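What follows draws every value from the coordinates through simple rules; no lab data is involved. What you are looking at is a predicted structure, and each value in this text was computed from that prediction instead of being measured. Cβ: placed from backbone, ideal geometry, glycine included. Neighbour counts: every protein chain shown.
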Amino acid sequence: MEINCICEYGKNIPEEQKTCPHCGVDLTPLHNLKALPRFYYEEGIKLARQRLWSIAIDKFKIAISLDPRLIEAYLALGNVYLQNGYCDHAIAEYEKALKFEPDNEDIKEAKMRAEKLGTSREPKAQLKETATKPPESKKQKKFGFVEKLSKSASKSRK
Ligand SMILES: [Zn+2]
């Protein structure tokens, strides 16, 4: 990934270049900073593969807060929400990404899929139910992260 030096003369400096050719400053911290959002995004992907939904969501959110234009992170976050039945949340994330890239076919497709699922499953009622009541044992596996969310919510209320 390329960076611009804080001296404003060194521009588009590649990762291999550790010092600025103009002012000679050590660029390692800037390179690390630039790589951070993607690092969190990739962590999130790994966690989502292990179905550790709530931690994956946290990582994607950090990635987005560090780089609000990291389209992949919105898509991944939306997909995790969708996988857990949160169609509305998923659509909201896809819409944020579409603001930056309105013609991104992957995101448009994902949003359409979420909307279809949303209308067939009536997620709003389902969401309220799972958020206030602990899920039954059968659902526990699928909605494990919902349970965690509601637990942490009740903790913070105290
Ligand atoms: Zn410089």
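Give the residues of the stretch 1-45 that are near the ligand (Cβ under 10 Å from one of its atoms), surrounded by 12 or more Cβ atoms within 10 Å (Cβ to Cβ) and of a type in the set (Gly, Ala, Ser), sorted by residue number. Within the stretch 1-45, 10 is the sole residue that qualifies.
Answer with yes or no whether residue 57 is surrounded by fewer than 20 Cβ atoms within 10 Å (Cβ to Cβ), of a type in the set (Val, Ile, Thr) and on the phi < 0 side of the Ramachandran plot.
no
Exactly one residue out of 66, 70, 82 is hydrophobic (A, V, I, L, M, F, W, C) and either under 18 Å from residue 49 (Cβ atoms) or touching a Cys at 6+ places or on another chain (Cβ under 7 Å) (or both): that is 82. Does the stretch 45-58 contain any residue that is farther than 18 Å from residue 107 by Cα and under 9 Å from the mean Cα position of the chain (by Cα)? Yes, there is a match, as at least one residue in the stretch 45-58 is farther than 18 Å from residue 107 by Cα and under 9 Å from the mean Cα position of the chain (by Cα).
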